[in-house]
Structures are given as C-alpha cells and as structure tokens.
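**Student:** Handing you a structure now.
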Amino acid sequence: MKKLIYIFAFLLMYSYTYAQEATSDSGFVSKRGFEILPKSGDFAIGVNAIPFFNYVGNIFNNTVGNTVSFNFLNANNTIYGKYFLDDHTAVRASFRFGNITNIDNEYIIKDQKIPDPDIVVNDAQKTVVCNSALKIGYEKSRGKGRVRGIYGAELGIYTVNVNKTYTYGNQMSATNSNPSTTDFGSNITTNGRLTQQLSGRTLGFGLDGFVGVEYFFAPKISIGGEFTWGFDFHNTKDGVSTEESWDFTNNVLKTTNTKMAGDKGYSFDTGNMGGAIYLLFHF
C-alpha cells in the first residue's frame, strides 16, 4: 500500500511540474504548449506498467538493485497498438507469436555390471510451447480533461501447441530391459517410458466487451486499466504419445503410439480481475 502511495504521489508531482494544462485554439495543451490528448491520426503503443511502478516504488523505499524491464502490454509478450480515427474513436489491435523451448537435463547413474556413482549419463526432457494470438477491436472514449473513460469490443483468435520429447542415456536392450531412468513427472509408464508426447493443437476465438479508464499525466502519455467480459470458445485436437518398451516375445525394442483425446469448451466470464495497469505512448 505504501508503495502505491509513493507511485501516485510521483505521478501527481510529475503532472503538476511538467504538464500543467491550459486551453488554446489548438485544444487541451500543457503549460509548455504540448497537446495532452490524442488526436485523429495518432498512433499509440501500450506496455505493461508494473515493472516501471516497481522501479519507482523501490527508489522511494531505498531498495537496492533496482531494475526495469520494457515488456509489452498484458505481461504475455503481446504487441499492442491503436490508431485514432477521430479524437474519441480508435481501432486497436494486439498480436503475439511465441515459441518457448525449455530443456531439462538430469544426470543419472550409468547402468553397468558394477554400479559406480561417479559414472553418470544424461537424461533430457525438451518442452516446446508455441502460441499465437491476434485481437482486433473498436474503442470509444468519453471525457474532456486528463481522465477519459474508454469502452468498446474486441474479436480475437489464438492457437496453442505443446510438445515434449525425451532422450535417455541408458538404452533399453535384451540385457537391460528396465534401464535406470529419470522421472520427469509423467514419462515413466507401466511397460516402459515415453520418448515423445505431442499435444493436439488448440484453436480458440473470443468476443469481448471492455470498459476502462485512462489518465493523461503527461502530454500524449497515459496510464490506465480495463476490465473485459465476453465469450470464449476453444477446441483441442487429439494428440499422440510414443512409448518405448522391451518386447520379450520377439526380443526387440517395441514402439507404441497412443492417441490422447482432445477437448473443447466455452465460457462467459470477466477478464483482468487482477487489475493490470498499462502505459500508453501516443505519437
């Protein structure tokens, strides 16, 4: 709570010192003659404000090692922008394409006639997450001063895909049908172990209404937040898991593919109840 008080005190001080307003023939302007509010033809880029707030708050409470990161809005690496059709109307869009790869390497003792804890091999789990999202919306605003209410609607589409692959240092053989294996959580099965787990691709779309508020604490720079309510539908296709085990009848390594059922669902719900805050830069 104390940090929030420091933050808002900083914004008010900045607003009073550098952006005192006045009216002129060109509209709502700062004391130095800069237009405060966006106009027809302006663009805007939005970023997540939380890292900036943490940095400013830590300055006031004497926290050492302050850092600041410049993440795009929504904290999930989404690029966000607006184009103003007139002073109170804008089209807005957000886009995300992510490909995240994580490799978990673990050492495990090498199987041999005489076990030696100092001789190890490597097991690995590789997880690849691919996701993309696109939203297009129409926004209206109300207000004549620094505080503006915003409202409108957005249509969005998104995809998600998660794949896991496993490699093992101890190989299966006729003399070692149950090799020592790292347990990554779900890779060890009743008959053997997984070598691959491919999820079905998820495709979803949504239609949301939104309402929020923005405060222009400096010329063409605003802070704001919004809440959404709307409909979301998703459909996940079937996936497949690949298991290796030792076939004692034929004395060979056996590979088995098992289908994983997909799912579908929909929801009507509110969004952003965590109260995320963003900064908008207009130009």
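Every number in this text was worked out from the coordinates using simple rules, so none of it is lab data. Note that the structure is predicted; figures quoted are calculated from it, not measured. All Cβ positions, glycine included, derive from the backbone under ideal geometry; neighbour counts span all protein chains shown.
**Student:** Take each of the peptides 249-258, 194-203, average the number of other beta-carbon atoms within 10 Å over its residues, and list them starting from the highest.
**Tutor:** Averaged packing, sorted descending, gives the order 194-203, 249-258.
**Student:** Please give, to one decimal in nm, the separation of the simple spin-label points placed at V147 and I79, each 7 Å out from Cα toward the Cβ.
**Tutor:** My value for the distance between the label points is 3.5 nm.
**Student:** OK, next. Exceeding 19 Å between C-alpha atoms, which entries from my cross-link table qualify? They are K135/K164; K140/K220; K39/K82; K237/K264; K82/K140.
**Tutor:** K135/K164
**Student:** OK, next. Going by how many other Cβ atoms sit within 10 Å of their own, how do L85, L134 line up, fewest first? All intermediate terms of the calculation are to be shown ahead of the outcome.
**Tutor:** Values: L85 13, L134 16.
Ordered by Cβ neighbours within 10 Å, fewest first: L85, L134.
**Student:** Going by C-beta contacts inside 10 Å, put M172, M260 in order with the fewest on the left.
**Tutor:** Final ranking by Cβ density, sparse to dense: M260, M172.
**Student:** Next up: Give me a comma-separated list of calculated 3J(HN,Hα) values for region 152-168, in order, Karplus coefficients 6.51, -1.76, 1.60 applied at θ = phi - 60°, integers in Hz, x for any Gly or Pro.
**Tutor:** Working through the residues one at a time gives x, 9, 9, 10, x, 9, 8, 9, 9, 8, 10, 10, 10, 10, 10, 10, 10 Hz.
**Student:** For N163, put the label point 7 Å out on the Cα→Cβ axis and report which residues of region 127-146 keep their amide N under 12 Å from it.
**Tutor:** Residues 127-130 fall inside that zone.
**Student:** Round to the nearest 0.05 the FRET efficiency obtained for Y138 and V240 when R0 = 35 Å and r is the Cβ-Cβ distance.
**Tutor:** On the way: r = 41 Å, r/R0 = 1.17.
That pair, Y138 with V240, gives E of 0.30.
**Student:** Amide H of I277 versus every other amide H placed in the peptide plane: which residues, excluding those fewer than 5 positions away on the same chain, fall under 5 Å?
**Tutor:** Result for I277 returns A49, I50.
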